Amino acid sequence: MAQRIALVTGGMGGLGEAICMKLEKMGITVVVTYSPGNTKYKDWLKEMQANGHNFRAYPCDVSDFDSCQKAVEQVTKEVGPIDISSNSLLSVEDCLFSNLANNGIFAHGAASVIHVKNSVFRNVASFAVLAEGGPVVNITNSQILSSNGVWAYATAASSTTVNVTDSTISGASFSAVYARAIVPGAEAKVYLTRTTIHHSGTALQSETANGNGAATIYVGGSMISESSNGWYIFNPGASIVSYGNNQFSGNAANVGAMTSNPLQ
(Lines give C-alpha, C1' and ligand atoms only; values in the text may rest on other atoms or scores of the structure.)
Protein backbone atom coordinates (compact mmCIF):
# COMPACT_ATOMS: atom_id res chain seq x y z
CA MET A 1 0.00 0.00 0.00
CA ALA A 2 1.30 3.47 -0.91
CA GLN A 3 2.20 5.78 1.94
CA ARG A 4 -0.53 8.33 2.68
CA ILE A 5 0.53 11.97 2.97
CA ALA A 6 -1.18 14.71 5.00
CA LEU A 7 -0.61 18.44 4.59
CA VAL A 8 -1.39 20.34 7.81
CA THR A 9 -1.48 24.13 8.02
CA GLY A 10 -0.93 25.74 11.40
CA GLY A 11 0.76 22.59 12.66
CA MET A 12 3.63 24.09 14.63
CA GLY A 13 2.11 24.26 18.07
CA GLY A 14 -1.10 23.80 20.03
CA LEU A 15 -3.94 21.90 18.42
CA GLY A 16 -2.24 21.75 15.02
CA GLU A 17 0.78 20.04 16.56
CA ALA A 18 -1.50 17.51 18.26
CA ILE A 19 -3.13 16.82 14.89
CA CYS A 20 0.30 16.16 13.35
CA MET A 21 1.16 13.68 16.08
CA LYS A 22 -2.14 11.86 15.76
CA LEU A 23 -1.85 11.57 11.98
CA GLU A 24 1.72 10.27 12.30
CA LYS A 25 0.55 7.71 14.86
CA MET A 26 -1.95 6.52 12.23
CA GLY A 27 0.98 5.79 9.92
CA ILE A 28 0.53 8.86 7.75
CA THR A 29 3.45 10.97 6.50
CA VAL A 30 2.95 14.48 7.87
CA VAL A 31 3.95 17.68 6.09
CA VAL A 32 3.32 21.02 7.80
CA THR A 33 3.35 24.54 6.42
CA TYR A 34 4.76 27.64 8.03
CA SER A 35 4.45 31.35 7.27
CA PRO A 36 7.26 32.59 5.01
CA GLY A 37 8.35 34.99 7.76
CA ASN A 38 8.64 32.26 10.40
CA THR A 39 12.31 32.05 11.39
CA LYS A 40 11.81 29.37 14.05
CA TYR A 41 10.47 26.51 11.96
CA LYS A 42 13.86 24.72 11.98
CA ASP A 43 13.91 24.82 15.79
CA TRP A 44 10.45 23.26 15.85
CA LEU A 45 11.49 20.51 13.43
CA LYS A 46 14.57 19.74 15.55
CA GLU A 47 12.45 19.59 18.69
CA MET A 48 9.97 17.25 17.03
CA GLN A 49 12.79 15.04 15.70
CA ALA A 50 14.34 14.86 19.17
CA ASN A 51 10.98 13.57 20.42
CA GLY A 52 10.79 10.91 17.72
CA HIS A 53 8.59 12.73 15.18
CA ASN A 54 9.68 12.88 11.55
CA PHE A 55 7.84 15.85 10.05
CA ARG A 56 8.68 17.95 7.00
CA ALA A 57 7.90 21.65 6.57
CA TYR A 58 7.32 23.98 3.64
CA PRO A 59 6.68 27.74 3.46
CA CYS A 60 3.15 28.79 2.55
CA ASP A 61 1.06 31.94 2.88
CA VAL A 62 -2.41 30.40 3.30
CA SER A 63 -4.07 33.71 2.35
CA ASP A 64 -2.38 33.71 -1.08
CA PHE A 65 -3.55 31.29 -3.80
CA ASP A 66 -0.27 31.26 -5.71
CA SER A 67 1.69 30.54 -2.53
CA CYS A 68 -0.63 27.64 -1.68
CA GLN A 69 -0.39 26.23 -5.19
CA LYS A 70 3.40 26.44 -5.12
CA ALA A 71 3.54 24.65 -1.74
CA VAL A 72 1.28 21.84 -2.95
CA GLU A 73 3.35 21.41 -6.13
CA GLN A 74 6.57 21.31 -4.12
CA VAL A 75 5.22 18.78 -1.63
CA THR A 76 3.83 16.60 -4.43
CA LYS A 77 7.19 16.65 -6.24
CA GLU A 78 9.44 16.07 -3.22
CA VAL A 79 7.25 13.95 -0.91
CA GLY A 80 4.35 12.62 -2.97
CA PRO A 81 0.66 13.20 -3.77
CA ILE A 82 -1.32 14.68 -0.87
CA ASP A 83 -4.14 12.47 0.44
CA ILE A 84 -5.27 14.60 3.38
CA SER A 85 -5.36 18.39 3.54
CA SER A 86 -6.60 19.86 6.79
CA ASN A 87 -5.77 22.35 9.45
CA SER A 88 -7.99 20.63 12.01
CA LEU A 89 -9.14 17.00 12.00
CA LEU A 90 -9.20 15.73 15.54
CA SER A 91 -11.10 14.03 18.33
CA VAL A 92 -10.34 15.28 21.83
CA GLU A 93 -11.47 13.18 24.79
CA ASP A 94 -10.81 13.29 28.54
CA CYS A 95 -8.58 16.37 28.25
CA LEU A 96 -7.95 19.32 30.57
CA PHE A 97 -7.32 22.77 29.09
CA SER A 98 -6.25 25.03 31.95
CA ASN A 99 -4.76 28.51 32.49
CA LEU A 100 -4.30 29.28 28.80
CA ALA A 101 -3.43 32.76 27.52
CA ASN A 102 -5.47 32.41 24.32
CA ASN A 103 -8.19 30.06 23.00
CA GLY A 104 -8.43 26.48 24.18
CA ILE A 105 -9.28 25.11 20.73
CA PHE A 106 -9.23 27.11 17.49
CA ALA A 107 -10.92 25.40 14.52
CA HIS A 108 -10.50 27.26 11.23
CA GLY A 109 -11.69 26.58 7.72
CA ALA A 110 -14.38 24.50 6.06
CA ALA A 111 -12.20 21.35 6.15
CA SER A 112 -11.99 21.42 9.94
CA VAL A 113 -13.95 18.97 12.08
CA ILE A 114 -13.34 18.81 15.82
CA HIS A 115 -14.96 16.43 18.32
CA VAL A 116 -14.59 17.27 22.01
CA LYS A 117 -15.86 14.84 24.64
CA ASN A 118 -15.58 14.51 28.42
CA SER A 119 -13.17 17.44 28.64
CA VAL A 120 -12.69 20.42 30.95
CA PHE A 121 -11.72 23.99 30.08
CA ARG A 122 -10.69 26.13 33.04
CA ASN A 123 -9.35 29.70 33.21
CA VAL A 124 -8.96 30.10 29.44
CA ALA A 125 -8.22 33.77 28.73
CA SER A 126 -10.11 34.01 25.43
CA PHE A 127 -12.69 31.41 24.33
CA ALA A 128 -12.64 27.75 25.26
CA VAL A 129 -13.58 26.94 21.66
CA LEU A 130 -13.41 29.35 18.69
CA ALA A 131 -14.77 28.09 15.38
CA GLU A 132 -14.09 30.42 12.44
CA GLY A 133 -14.56 30.33 8.68
CA GLY A 134 -16.63 27.18 8.12
CA PRO A 135 -15.66 24.36 10.51
CA VAL A 136 -17.89 21.98 12.47
CA VAL A 137 -17.22 21.53 16.20
CA ASN A 138 -19.06 19.00 18.37
CA ILE A 139 -18.80 19.35 22.17
CA THR A 140 -20.30 16.66 24.41
CA ASN A 141 -20.27 16.00 28.16
CA SER A 142 -17.75 18.76 28.82
CA GLN A 143 -17.31 21.63 31.28
CA ILE A 144 -16.21 25.19 30.54
CA LEU A 145 -15.37 26.95 33.80
CA SER A 146 -14.26 30.55 34.47
CA SER A 147 -13.79 30.98 30.71
CA ASN A 148 -15.73 32.41 27.81
CA GLY A 149 -17.52 29.51 26.20
CA VAL A 150 -17.95 28.83 22.48
CA TRP A 151 -17.81 31.27 19.57
CA ALA A 152 -19.14 30.43 16.10
CA TYR A 153 -17.57 33.18 13.98
CA ALA A 154 -18.71 33.25 10.34
CA THR A 155 -16.11 35.23 8.41
CA ALA A 156 -16.69 33.77 4.94
CA ALA A 157 -19.65 32.81 2.76
CA SER A 158 -20.01 29.40 4.38
CA SER A 159 -21.59 27.83 7.44
CA THR A 160 -19.76 27.69 10.78
CA THR A 161 -21.44 25.26 13.19
CA VAL A 162 -20.91 24.43 16.87
CA ASN A 163 -22.95 21.72 18.62
CA VAL A 164 -22.94 21.73 22.43
CA THR A 165 -24.67 18.81 24.15
CA ASP A 166 -24.97 17.69 27.81
CA SER A 167 -22.40 20.25 28.95
CA THR A 168 -21.93 23.09 31.46
CA ILE A 169 -20.64 26.62 30.92
CA SER A 170 -20.06 28.71 34.04
CA GLY A 171 -18.34 31.99 34.84
CA ALA A 172 -17.95 33.39 31.32
CA SER A 173 -16.99 37.06 31.73
CA PHE A 174 -18.14 38.00 28.20
CA SER A 175 -20.32 35.35 26.52
CA ALA A 176 -21.02 31.72 27.25
CA VAL A 177 -22.32 31.11 23.72
CA TYR A 178 -21.62 33.60 20.92
CA ALA A 179 -22.72 33.39 17.26
CA ARG A 180 -21.54 36.16 14.92
CA ALA A 181 -21.61 36.63 11.14
CA ILE A 182 -19.79 39.51 9.45
CA VAL A 183 -20.11 39.14 5.66
CA PRO A 184 -22.98 38.45 3.22
CA GLY A 185 -23.62 34.74 2.78
CA ALA A 186 -21.92 33.82 6.06
CA GLU A 187 -23.86 31.73 8.55
CA ALA A 188 -22.96 31.15 12.20
CA LYS A 189 -24.96 28.44 13.98
CA VAL A 190 -24.82 27.09 17.52
CA TYR A 191 -27.02 24.20 18.66
CA LEU A 192 -27.35 24.04 22.46
CA THR A 193 -28.96 20.87 23.82
CA ARG A 194 -29.43 19.78 27.45
CA THR A 195 -26.77 22.24 28.56
CA THR A 196 -26.51 24.46 31.65
CA ILE A 197 -25.21 28.03 31.54
CA HIS A 198 -24.95 30.15 34.68
CA HIS A 199 -23.08 33.01 36.35
CA SER A 200 -21.94 34.52 33.06
CA GLY A 201 -21.84 37.97 31.47
CA THR A 202 -24.16 37.10 28.58
CA ALA A 203 -25.41 33.54 28.36
CA LEU A 204 -26.52 33.58 24.70
CA GLN A 205 -25.33 36.25 22.26
CA SER A 206 -26.27 36.35 18.58
CA GLU A 207 -25.28 39.20 16.28
CA THR A 208 -24.36 40.20 12.76
CA ALA A 209 -22.16 43.01 11.50
CA ASN A 210 -24.64 45.58 10.19
CA GLY A 211 -27.03 42.85 9.10
CA ASN A 212 -24.50 40.93 7.01
CA GLY A 213 -24.98 37.17 7.05
CA ALA A 214 -27.01 35.20 9.57
CA ALA A 215 -26.28 34.20 13.17
CA THR A 216 -28.57 31.78 14.99
CA ILE A 217 -28.46 30.02 18.35
CA TYR A 218 -30.84 27.08 18.71
CA VAL A 219 -31.49 26.12 22.33
CA GLY A 220 -33.48 23.20 23.71
CA GLY A 221 -33.74 21.34 27.01
CA SER A 222 -31.28 23.73 28.61
CA MET A 223 -31.06 25.87 31.76
CA ILE A 224 -29.89 29.49 31.56
CA SER A 225 -29.57 31.20 34.94
CA GLU A 226 -27.94 33.87 37.10
CA SER A 227 -26.32 35.77 34.23
CA SER A 228 -26.22 39.50 33.47
CA ASN A 229 -28.02 38.85 30.17
CA GLY A 230 -29.97 35.68 29.54
CA TRP A 231 -29.83 36.47 25.86
CA TYR A 232 -28.66 39.28 23.59
CA ILE A 233 -29.76 39.65 19.96
CA PHE A 234 -28.21 42.42 17.87
CA ASN A 235 -28.78 43.56 14.26
CA PRO A 236 -30.91 42.05 11.45
CA GLY A 237 -30.11 38.46 10.61
CA ALA A 238 -29.40 37.53 14.23
CA SER A 239 -31.78 35.27 16.15
CA ILE A 240 -32.09 32.90 19.07
CA VAL A 241 -34.58 30.06 18.63
CA SER A 242 -36.04 28.05 21.50
CA TYR A 243 -37.19 24.57 20.55
CA GLY A 244 -38.68 23.73 23.91
CA ASN A 245 -38.07 22.62 27.50
CA ASN A 246 -35.75 25.48 28.46
CA GLN A 247 -35.56 27.18 31.85
CA PHE A 248 -34.50 30.82 32.19
CA SER A 249 -34.21 32.15 35.72
CA GLY A 250 -32.37 34.82 37.71
CA ASN A 251 -30.97 36.62 34.67
CA ALA A 252 -30.74 40.39 35.12
CA ALA A 253 -31.91 41.30 31.58
CA ASN A 254 -32.67 40.08 28.08
CA VAL A 255 -32.12 42.08 24.87
CA GLY A 256 -34.19 41.34 21.79
CA ALA A 257 -37.02 38.88 21.16
CA MET A 258 -36.40 35.15 21.23
CA THR A 259 -38.22 33.01 18.69
CA SER A 260 -40.14 29.95 19.87
CA ASN A 261 -40.22 27.19 17.27
CA PRO A 262 -40.57 23.63 18.61
CA LEU A 263 -39.98 22.28 15.09
CA GLN A 264 -36.48 23.72 14.78
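Structural remarks
- Selection status of residue 126, at pLDDT 85 or above, outside the structural domain of residue 14 (by TED's automatic domain parsing) and more than 14 Å from the chain's Cα centre (by Cα): no
- Any hit, the range 13-20, residues being closer than 12 Å to residue 58 by Cα and either aliphatic (A, V, I, L, M) or assigned to a strand (DSSP E or B) (or both): no
- Residue 219 passes every criterion in (1) farther than 24 Å from residue 96 by Cβ; (2) under 16 Å from the mean Cα position of the chain (by Cα); (3) modelled with pLDDT of 95 or more apart from (2).
- Residues that are in a loop (DSSP other than H, G, I, E, B) and surrounded by fewer than 21 Cβ atoms within 10 Å (Cβ to Cβ) within the range 94-139 comprise 94, 95, 101, 102, 109, 110, 111, 118, 125, 126, 133, listed in sequence order.
- Exactly one residue among 21, 48 is out of contact with any helix residue (DSSP H, G or I) (no Cβ under 6 Å at 6 or more places or on another chain), modelled with pLDDT of 85 or more, over 21 Å from residue 107 (Cα atoms) and surrounded by 14 or more Cβ atoms within 10 Å (Cβ to Cβ), and that residue is 48.
- Options 178, 232, 153; residue that is in the same structural domain as residue 120 (by TED's automatic domain parsing) and farther than 22 Å from residue 124 by Cα: 232
- Pick from the range 104-123, criterion β-branched (Val, Ile, Thr) and modelled with pLDDT of 85 or more, ranking: nearest to residue 238 (Cα to Cα): 116
- Test: residue 34 is under 17 Å from residue 106 (Cβ atoms), hydroxyl-bearing (Ser, Thr, Tyr) and touching a strand residue (DSSP E or B) at 6+ places or on another chain (Cβ under 9 Å): yes
- Total residues in the range 231-248 satisfying the condition of being over 20 Å from residue 181 (Cα atoms), assigned to a strand (DSSP E or B) and not polar (S, T, N, Q): the figure is 1.
To keep it simple, each residue is scored yes or no on (1) modelled with pLDDT of 95 or more; (2) farther than 20 Å from residue 96 by Cβ; (3) of a type in the set (A, V, I, L, M).
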position	(1), (2), (3)
145	yes, no, yes
155	no, yes, no
164	yes, no, yes
177	yes, yes, yes
181	yes, yes, yes
188	yes, yes, yes
199	yes, yes, no
203	yes, yes, yes
207	yes, yes, no
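- Some residue of the range 29-40 being charged (D, E, K, R) and outside any helix (DSSP H, G or I): yes
- Any chance residue 170 is touching a Ser or Thr at 6+ places or on another chain (Cβ under 6 Å), surrounded by 18 or more Cβ atoms within 10 Å (Cβ to Cβ) and either within 26 Å of residue 228 (Cβ to Cβ) or free of Cβ contacts under 8 Å to residues at least 60 places away in the same chain (or both): no
- Among residues of the range 30-56 that are under 26 Å from residue 76 (Cβ atoms), those with a beta-carbon under 7 Å from a residue that is surrounded by 15 or more Cβ atoms within 10 Å (Cβ to Cβ) and of a type in the set (D, E, K, R) at least six positions away or on a different chain give the pairs 30/24; 35/61; 36/61; 53/24.
- Hits in the range 140-160 (condition: in a strand (DSSP E or B) and either hydroxyl-bearing (Ser, Thr, Tyr) or within 25 Å of residue 214 (Cα to Cα) (or both)): 140, 148, 149, 150, 151, 152, 153, 154, 159, 160
The values are calculated or read from the model by the stated rules, or taken from the named source; none is laboratory data. Everything numeric here is computed off the predicted structure, so don't read it as measured data. Here Cβ is always computed from backbone atoms with ideal geometry, including for glycine, and neighbour counts include all displayed protein chains.
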